[in-house]
Amino acid sequence: MKVLYSWLRDFVDVTDGPAEIGRRLSLRGLALEGIEPAPAGEEPPGRTPIDGDAVLDFDVTANRPDCMSVVGIAREIATVYRLPLRLPAPDAPGHLRTGALTPVDQATFRVTLEAPALCPRYVGAAATVAVGPSPGWMQRRLTALGVRPISNIVDITNYVLLELGQPMHAFDHTRLAGNAIVVRAARPGETLTTLDGKSRALTPSMLVIADAANAAAIGGVMGGLESEVRPDTTRIVFESAWFAPGSVRATSKALGLRSEASMRFERGLDQTGAGRGMARACALVEFLGAGSVDGTMVDAVARPFSPRVVPLTHAHVEGLLGMPVPVPEVERILDALGFTATADAARASWQVRVPGWRPDIARPEDLIEEVGRHHGFEHLPATFPPVFQAPPPSDPRIARDAAARRGMLALGFSEAISFAFIDAAAAAPFSAGEPPIALANPLSETFAVMRPSVLAGVIDAVSHNRRHGRRDVRLFEIATAFAARGERRSLAAAWTGAAAGDHWSGGRRDVDFFDVKGVVEHVGTALGVPLAFTLVEPDYLVAGRAAAVVAGTRQVGVCGLLAPALADARGIPRADDVYVLELDLDAITATAPPGATRVVPLPRFPAVVRDVSLLVDDTLSGATVRDTIQRAAPATLVSLREFDRYQGRGVPAGKVSVSLRLTFRADDRTLTDDEVGAAMTAVLAATRSALGAEQR
Amino acid sequence: MSSLDELTALISSYQQAFTEALAAADGTPASARQAAIDALKVAWTGRKSGKIADLMAHLPSLPPADRKAFGQQVNALKTAVETALADREARLAASRRPADAVDITLPGRAPAIGHRHPLSLVREEVQTIFTRLGYQVLEGPEIEDDYHNFEALNMPESHPARDMQDTLYLARAVQAAPVTPWAAAEAPRARGPQPLTLLRTHTSAMQIRYMEQHDPPVRLVAIGPVYRRDNLDLTHTPMFHQCEGLVVGKGITLAHLKGTLLAMAEALFGAGTQVRFRPSFFPYTEPSAEVDVACIRCKGTGCPVCKHTGWLEILGSGMVHPAVFEAVGYDPSEVTGFAFGMGIERVAMLKWDVGDIRLFYENDLRFLEQFSV
Ligand SMILES: [Zn+2]
């Protein structure tokens, strides 16, 4: 809301300049957005121009329709500076006078309220006018606040809107068919050409001001072109009404039409303000010499306004704020803001009558905010809330995700954070036939659907880094993936370029499947859940370089080489091998064994190590060889692992030489050579008979 | 006969000559230094033709009474020469590198260690601060229903405050139970599952879910991503992260909120950081306040970062609105509470002088690698 400093001074004799006023109001709830110098020019008769006049622009919060006016902001200034507020009144001199209009049931026109819920009060008054330009001082004040002067009559309606916050409208009386003003719902199929020249299709949920035949204005939003005041207009009817906020808001939104009037009505205006606005507008017609008013007004009231009375106790004020506010200060603030506080005998509580311009005040807490902000939040002490109990445990996902994060960081992966919405094409490969969750009003096609996989964002992050010259990239992200069945927390990672040895001494090696498999195993260790691998070939991974990750019997993720076509589609060079993994952390922790890790005592007896090399068919999986050995060996076999695989000279085609290290140990004795020898004999016999393996 | 004075002058000139010869040897390349030292040894301490021996040869020419004094002077010179040469030899030996020596100036082999994302660092810092203050830390669903995101927070349909947060809606409502691992076994006030229709615009939705499930007192922070239909620019992204704080109990005051936020500001931005409350409006708090911290660059004297105001806005806060308590079945005459919501990006931008919020979402390693591991 823009206000002119000199206009404010019509109502309050503040001596501080615009900048200081802005600074002090910013600490009392009206944030100053900016100050601009105001153009010099005429002042109203009897007032002297002010040096350094300026336009102050305040950010008025949605709960304060009263501050969408010069008088509303002047009232705040008067409260801050402890100065009296001077309002336009019938006995005020000069340009601050208001009219005194005689209420009548029917004037030269009739008013009918057919939709009392949407318009409970409508004030109309007629005048005979000579349309012409308004005086320079009025034009200057309107222009300074961004309103274009049009004619004396239209300028008066805008002047009252800015000054008092009461939207006004002027109809050409002669164009109101049947001398009737009917406030009713729009008829199905009804249209109206508004002042901006656009034809508007109306619906029955919208409120119109109509004459005996047609809609002449959209209530609280905009007038119609047909009945507008023109240079040759001689008779007018002023409208000053109260329209229900929800209806104006819905209509304005549906029509895509916001006006100075609709902006105020939709926040909720003062039901008692309609009469004041009319009295002010009529007085200005005569003060400007723009015509003569009839002196009567039709004040149609379907539902009389009854002011709210809110109880307030002093103990509540101090108890909620946590600071002392003396009783006289509470009363001073309420009085200055226009509340009428009636104290009990002990002055420990009040019945507070709320003025019509404060529809936001409904509860004691609302009044406490008024007292608190004008007493000053700077007086709040910094104290601590008492602790009532030990805090309940935090969300288990936080510690779980932190463990996974530490695991990934230790393996050289940096942490990424991506937008949760991605383009539909990026989501498609991960949707598994199920359509992703789409947004109704995305910012752009780039952000059209919620990611079904966190991998999508990580892949785009790899692409970004590749485009910026980074060959070796390791990134991971822990975030939410979305599907119709719900949200799940996912760990996704991508690894491209060097796996090791990017050093002048050599030994560089590019990442391969076993690197990414090792990462998955490490995450399993970090989370305390053993992870296994089975064959899977989703479309977005390369067949033969992909595995499903399994916890217990449940698939909890995948790892493998990203399909080159997909990498290419996201801007990654086709030649790059990008290994990826994605793990469903919620699914993994759901299978976690209960209970804490328990330390296994260190062995008391030495282990015996035996290496063996076997020639087997190269189609035989490592797991099959290990399983065969495991089944044949006694319980003293405590560890078994491949340490070499060799094909080439000395190994027949179709065969591979697998070297395994077997570690035997017993808990209760030192194993003898004979025992280990017998175990090895059993192992070799089993591999020979079951797998056709020969010892090399 | 020679006089002692003459010979003393001669010793001085020898001393001077040795100092010069030693400096010349020091100036030779390291590879030739041993040879230079050896040559000096021969020239000065050689038994027959060395210069010390030469000096000694003058002894007989002195009167017997002066011989002792002369001998002491020559010996002193001899000791000095021998000491200097031994020192040079020791230094040279120490500097000689073994054949398998490494060039310690070559780059080390960097272990692969990942870097934390700055938003993750701030998030953890905030979690740590509030854990220290006795809060539980929670996360909540990112896809929400209208009731928890708006209606229960005193923002009924057609409330003008809904315009303050431009909402992203789902094209089709989702029927899925929100994931809330902290949910109580018995939650008599929780509403039945509702169609999820929007991306939460603030973490405040969590307040409602938690209070429906648990009786007061409450002392929690909820951290996570939130979504608004804001175009990308230097200070806006359509997704950002928020930290929500909520304390409910008997006698909670606005002053408690100030003390709490002051403690947080000092922990985040350094001891002595000032905070300032400015009255504001949020539908779900009454009274409401925007909170500023004294500019961390200029300490309040005014600079471009704070637009010369000396203050930086970091969060919105207030006392929980009684209508919110009513929505979750708390009795507003029994309990009060405070709530606050802070942007994690905003804090990160201030802490590390990040001028463009979009950098947080590009995941450029050149950016990420500037943060701790
Ligand atoms: Zn500054």
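The values are calculated or read from the model by the stated rules, or taken from the named source; none is laboratory data. This one's a predicted model, so the numbers in the text were calculated from it and none came from an experiment. Neighbour counts run over all protein chains shown; Cβ positions are idealised from the backbone, glycine included. Just so you know, the surface numbers come from the protein's heavy atoms only, side chains and all, with ligands and any DNA or RNA stripped out. Shrake-Rupley method; radii C 1.70, N 1.55, O 1.52, S 1.80 Å.
Label positions at A:A425 and B:N75, each projected 7 Å from the Cα along the C-beta direction, are separated by 9.8 nm. Each other residue within a Cβ distance under 12 Å of A:A74 adds +1 if Lys or Arg and -1 if Asp or Glu, for a net charge of -2. Across segment A:102-301, the convex hull enclosing all Cα atoms gives 101 Å³ per residue.
Can you count the Lys pairs in chain A whose Cα atoms are under 30 Å apart, with each pair 8 or more apart or on different chains? Count of close lysine pairs: 4. With K and R counted +1 and D and E -1, the other residues having a Cβ less than 10 Å from that of A:D299 yield a net charge of 0.
Note on B:K48: aspartates and glutamates with a C-alpha under 17 Å away, same-chain residues under 8 apart excluded, are B:D38, B:E82. Using the Cβ-Cβ distance between A:Y81 and A:A382 with R0 set to 35 Å, the FRET efficiency works out to roughly 0.80. Would you give the gap between the C-alpha center of segment A:80-139 and the C-alpha center of segment A:171-229, rounded to a whole Å? Cα centroid to Cα centroid, the span is 21 Å. Placing A:F238, A:F287 in order of accessible area, with the largest value first and a 1.4 Å probe, yields A:F287, A:F238.
Neighbours of B:I52 by Cβ distance under 12 Å: Lys/Arg scored +1, Asp/Glu scored -1, total +3. On a per residue basis, the convex hull of the C-alpha atoms belonging to the protein assembly as shown measures out at 324 Å³. Plainly put, segment A:400-496 has a radius of gyration that is 0.99 times its Kirkwood radius, both from alpha-carbon atoms, as the Rg/Rh ratio. Length gained on full extension, A:L225 to A:A362: 45.4 nm, using 0.36 nm per residue less the C-alpha separation.
Counting DSSP beta bridges with both partners in segment A:102-301, what percentage is antiparallel, nearest 5? Among the beta bridges of segment A:102-301, antiparallel pairing accounts for roughly 80 percent. Convex hull volume per residue, computed on the Cα atoms of segment A:608-695, equals 82 Å³. Give me the lysines in straight-line cross-link reach of B:K351: C-alpha distance below 26 Å, same-chain residues under 8 apart excluded. Reachable lysines: B:K258, B:K299, B:K307. Dipole size of segment B:1-82 about its Cα centre, with +1 on Lys/Arg Cβ and -1 on Asp/Glu Cβ: approximately 300 debye, rounded to the nearest 20. Between B:S31 and A:R488, the simple label model (points 7 Å from Cα in the Cβ direction) yields a spacing of 6.9 nm. Within the same chain, lysines fewer than 8 places from B:K41 are excluded, and of the rest, those with a Cα less than 21 Å from its Cα are B:K51, B:K78. Got a number for carbon plus sulfur as a percent of segment A:635-696's accessible area, 1.4 Å probe? Of all accessible area on segment A:635-696, carbon and sulfur atoms account for 47 percent.
For B:T8 and B:A110, the FRET efficiency from 1/(1 + (r/R0)^6), where r spans their Cβ atoms and R0 equals 56 Å, is about 0.30. Note on segment B:118-368: Kirkwood hydrodynamic radius from all Cα pairs is 18.8 Å, rounded to one decimal. The gain in end-to-end length when the A:V599 to A:Q106 segment is fully stretched comes to 168.0 nm, 0.36 nm per residue minus the alpha carbon separation. Among the cysteines of chain B, those whose beta-carbon sits 4.7 Å or more from every other cysteine beta-carbon are B:C243.
Projected label points at B:E186 and A:V638, each 7 Å from Cα along the beta carbon direction, are separated by 5.0 nanometres. Taking every protein chain into account, the 1.4 Å probe leaves A:D512 with about 50 Å² of accessible area, to the nearest ten. Segment B:10-76 and segment A:471-542 have Cα centres lying 75 Å from one another. Calculate, for B:D331 and A:A438, the FRET efficiency according to 1/(1 + (r/R0)^6) with r their C-beta to C-beta distance and R0 35 Å; round to the nearest 0.05. Once the sixth-power term is evaluated, E becomes 0.25. Protein heavy-atom accessible surface, 1.4 Å probe, per residue over the protein assembly as shown: 43 Å². Residue separation of B:R67 and B:T19 scaled by 0.36 nm, minus their Cα-Cα distance, works out to 14.7 nm of gained length.
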